[in-house]
Amino acid sequence: MSKIWAALKDIWRLTYPYFQRTTPGEVRLWFIGPVKLPERTIAFALLGAVVALEIAFSYVVKRFNSWYAIFGDAIQQKNFPGFLHAIELFSILAFFYIVVAVYKSYINQVLQIRWRKSMTDFFVDRWLGDAQHYRLRMVTGPADNPDQRIAEDVHSFVGQTMVLGIGFFGNVMRLGIFLYVLWQLSQTFPMTSFGLSFNIPGYLIYLAVIYALVGTLVTHWIGKPLIRLKYDQERYEANFRFGMARIRENSEQIALLKGEPAERAELGERYASVLANVYGVINRQKTLTWFTAFFGQFSVIFPYLLLAPAFFFGKATYGAFMQTNQTFSSVQDGLTWFVDQYSTLADYRAVVQRLIGFEEAMGKTTAESTAKPHIETRVAPGPNLVADDLTVALPSHRPLTAAARFSVAPRERVLLTGRSGSGKTTLLRALSGIWPFGQGRVEVPKGATLFVLPQRTYLPLGTLRQALVYPRTVEAYPHADVAVALEAVGLGALAPELDEAGNWSQRLSGGEQQRLGAARVLLVKPDFLFLDEATSALDQQGEEDLYRTLIARLPTTAIVSIGHRPTLEAFHTRKLVMSRSAEGLSHPVEAVAQAAE
């Protein structure tokens, strides 16, 4: 029981935010036109309409049940006018049945679309907010493949919640209706065996409940392992797709290294996990199908076996026989809803667990980022970028780098060097504000813009202009400024292709991508620029030319560079070397730069 309660709490946790959303939404009313209302008002209105139509649907089904008695008696009595009346009544009921079914499905899907959009926005905002997507990679837990959680699991959750939720509501309502009808019919439809009749009040209900209870318990016992198997299946499939995506992204390096056999072996291992789990799913599904198929087929004949003796021994009319059989089947279907929906419920539970795991992982990341001690970012009282009593740690909280006092003044150019693994890049991440692990303060001047250019320039899909102005929009910069920036970094030949769409991270070489990143800096004109080996793919002359361009075109920008080439010293006013202390921490220590251009 505690597991059921925990599952319901998880479902409520995922469902609640949409039905409390107060942001305005637009809905089109056919007799008024577009109307703006709070989204939760629209959500409750649509849900209320679906529930009302489900009630209407149940009423029509109840009327169909009564129709069986009328139709059956007309057949038995060979009453042709009664037969025509039954056909007329059937036509009216069928019309209402179709109308209700169509609009119930339509409004249900409209609600699903709005709910999915809201839920997708919620998860995307949390995932992309405050560099959460970056920090989430460092959290160990179930939040693998966030893209799949947002794209697929949100869709599955919304659809299955509506199908199962409304289905369960309608099923319970119709079950209550038909239990009442069946109780009444049990009074007039005696239990008959070998010509002897026994009046046992409600005996048909007792038999239906016992039959359904046995089926439900056996189904749960057989199918319970499916929940974990289907949870793992999505994870293994996603890992396999991710492996292939990495091959596509790094195809050149793999081809140059002739790494195809290694990649094939890695994919083989990933797919072996997929296959092993698939066999587990289908074997368990096979066992479940053995029982549910038998149960379903026997359910067809079971009410006939119970009711046929009373009819054949003249204890009931054919119409009563048909109505009672239909009522018993409806009660039986209602009681065995769990059996019929077990595979769907197993899928649904796995989806809920994955989404809850994703949400908890983001919550854990936020908690670790804000828990004391952590690196705080404040507004500096002066013009300098300052790190005070800064200790940068790994996500495991093991200290890596420390800086008692680190300051960068406007127009200053600082070169940070040191051995690989000494924490240079991690220190840069802390200064830029995306690395919270550690303690101390980073003070940034009010209104100052920081820009980090990593070793590998990120180029989004789209046109070259979109890649160049990222993360701004193409309208942010005039065409002339964009063309000048390209020319300044040596990519003027690409100006005619600015509005050509393509996968530019594949079309441009590593050096060209770094030049494009430098052109992006020229457009942004930041106050503080961090270069993390951002010219490592260029030859020495190309690197020197790029630094001269940055210094000449951004005279007021302070630059902090991470690099290893000695020639970089000529372009910086200060040099810091990462030195390891006796405690094992790296510290930036002042050295003498050769010159400053």
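The values are calculated or read from the model by the stated rules, or taken from the named source; none is laboratory data. Remember, it's a predicted structure, so these values are computed and weren't measured experimentally. Glycine also receives a Cβ, built like all others from the backbone with ideal geometry; neighbour counts cover every protein chain displayed. Remember, those area values only see protein heavy atoms, side chains included, never the ligands or the DNA or RNA. Shrake-Rupley method; radii C 1.70, N 1.55, O 1.52, S 1.80 Å.
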Subset of segment 238-286 (residues that are under 22 Å from Tyr342 (Cβ atoms) and in contact with a helix residue (DSSP H, G or I) (Cβ under 6 Å, 6 or more places away or on another chain)): Asn277, Gly280, Val281, Arg284
Within segment 5-46, tally of residues that are assigned to a helix (DSSP H, G or I), farther than 21 Å from Leu345 by Cα and open to solvent by less than 90 Å² (accessible area, probe 1.4 Å): 9
Given (1) touching a residue at least 40 places away in the same chain (Cβ under 8 Å); (2) within 17 Å of Pro454 (Cβ to Cβ); (3) among the acidic types (Asp, Glu), number of the condition Asp545 does not satisfy: (2)
All positions within segment 116-156 that are at pLDDT 90 or above, surrounded by fewer than 17 Cβ atoms within 10 Å (Cβ to Cβ) and of a type in the set (Val, Ile, Thr): Thr120
Matching residues, segment 25-41, being in contact with a helix residue (DSSP H, G or I) (Cβ under 7 Å, 6 or more places away or on another chain) and not small (Gly, Ala, Ser): Val27, Glu39, Arg40
Qualifying residues in segment 502-527 (those that are in a loop (DSSP other than H, G, I, E, B) and farther than 16 Å from Leu538 by Cβ) - the one most open to solvent (accessible area, probe 1.4 Å): Lys525
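Hey, among Arg228, Arg235, Arg241, Arg246, which residue is open to solvent by less than 80 Å² (accessible area, probe 1.4 Å) and not β-branched (Val, Ile, Thr)?
On the way: Arg228 fails: open to solvent by less than 80 Å² (accessible area, probe 1.4 Å); Arg241 fails: open to solvent by less than 80 Å² (accessible area, probe 1.4 Å); Arg246 fails: open to solvent by less than 80 Å² (accessible area, probe 1.4 Å).
Just a single option satisfies the conditions, and that option is Arg235.
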Segment 535-560 - residue that is among the hydrophobic types (A, V, I, L, M, F, W, C) and within 43 Å of the chain's Cα centre (by Cα) and, of those, most open to solvent (accessible area, probe 1.4 Å): Ala537
Residue count for segment 561-584, restricted to those that are within 29 Å of Pro383 (Cβ to Cβ), under 45 Å from the mean Cα position of the chain (by Cα) and in a loop (DSSP other than H, G, I, E, B): 1
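Would you check if Leu267 is assigned to a helix (DSSP H, G or I), open to solvent by less than 90 Å² (accessible area, probe 1.4 Å), touching a residue at least 24 places away in the same chain (Cβ under 8 Å) and more than 15 Å from Ala346 (Cβ to Cβ)? Even if it seems obvious, please write down each step before you answer.
Working: assigned to a helix (DSSP H, G or I): yes; open to solvent by less than 90 Å² (accessible area, probe 1.4 Å): yes; touching a residue at least 24 places away in the same chain (Cβ under 8 Å): yes; more than 15 Å from Ala346 (Cβ to Cβ): yes.
Yes.
Before we move on, is Gly72 open to solvent by less than 30 Å² (accessible area, probe 1.4 Å), outside any helix (DSSP H, G or I), more than 30 Å from His220 (Cβ to Cβ) and at pLDDT below 90?
Answer is no for this residue.
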Checking Val452 against (1) assigned to a strand (DSSP E or B); (2) in contact with a Leu (Cβ under 6 Å, 6 or more places away or on another chain), the condition it does not meet: (2)
Subset of segment 399-424 that is more than 39 Å from the chain's Cα centre (by Cα) and basic (Lys, Arg) - its residue that is most open to solvent (accessible area, probe 1.4 Å): Arg419
Hits in segment 36-63 (condition: hydrophobic (A, V, I, L, M, F, W, C) and without any contact (Cβ under 8 Å) to a residue 60 or more places away in the chain): Leu37, Phe44, Ala45, Ala49, Ala52, Leu53, Ala56, Val60
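Can we say Gln594 is open to solvent by 30 Å² or more (accessible area, probe 1.4 Å) and at pLDDT 90 or above? Spell out how you get there, then give the answer.
Working: open to solvent by 30 Å² or more (accessible area, probe 1.4 Å): yes; at pLDDT 90 or above: no.
It is false that Gln594 is open to solvent by 30 Å² or more (accessible area, probe 1.4 Å) and at pLDDT 90 or above.
Hey, which of the helices (runs of 4 or more DSSP H) in segment 303-394, taking only ones fully inside, have at least 3 residues that are closer than 30 Å to Ser422 by Cβ, under 30 Å from the mean Cα position of the chain (by Cα) and not aliphatic (A, V, I, L, M)? Lay out the reasoning, then the answer.
Numbers: elements: 318-335, 337-340, 342-370.
Passing ranges, in order: 342-370.
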Selection from segment 431-455 of residues that are within 36 Å of the chain's Cα centre (by Cα) and closer than 20 Å to Gly382 by Cβ: Leu431, Ser432, Gly433, Gly440, Arg441, Val442, Glu443, Val444, Gly447, Ala448, Thr449, Leu450
Selection count, segment 425-448, where residues are surrounded by 24 or more Cβ atoms within 10 Å (Cβ to Cβ) and part of a helix (DSSP H, G or I): 3
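Suppose the filter is touching a residue at least 40 places away in the same chain (Cβ under 8 Å) and surrounded by 19 or more Cβ atoms within 10 Å (Cβ to Cβ); does Arg378 pass it? If you could, list the steps in order and put the result at the bottom.
Numbers: touching a residue at least 40 places away in the same chain (Cβ under 8 Å): yes; surrounded by 19 or more Cβ atoms within 10 Å (Cβ to Cβ): no.
No: the conditions fail for Arg378.
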The one condition in (1) open to solvent by less than 60 Å² (accessible area, probe 1.4 Å); (2) at pLDDT 75 or above; (3) more than 17 Å from Asn65 (Cα to Cα) that Val331 fails to fulfil: (3)
Unmet criterion (only one of (1) farther than 19 Å from Gln233 by Cβ; (2) among the basic types (Lys, Arg); (3) under 15 Å from the mean Cα position of the chain (by Cα)) for Arg149: (1)
Residue in segment 539-559 that is part of a helix (DSSP H, G or I), among the polar types (S, T, N, Q) and closer than 23 Å to Arg429 by Cβ present: no
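Quick check on segment 82-115: of everything there that is among the hydroxyl-bearing types (Ser, Thr, Tyr) and either open to solvent by less than 90 Å² (accessible area, probe 1.4 Å) or within 16 Å of Asn65 (Cα to Cα) (or both), which residue is farthest from the chain's Cα centre (by Cα)? Break it down stepwise before answering.
Going through segment 82-115, the residues among the hydroxyl-bearing types (Ser, Thr, Tyr) turn out to be 91, 97, 103, 105-106.
Within this subset, residues satisfying the condition of being either open to solvent by less than 90 Å² (accessible area, probe 1.4 Å) or within 16 Å of Asn65 (Cα to Cα) (or both) are 91, 97, 105.
Working: Ser91: 45, Tyr97: 36, Ser105: 24 Å.
Restricting to residues being among the hydroxyl-bearing types (Ser, Thr, Tyr) and either open to solvent by less than 90 Å² (accessible area, probe 1.4 Å) or within 16 Å of Asn65 (Cα to Cα) (or both), the top hit is Ser91.
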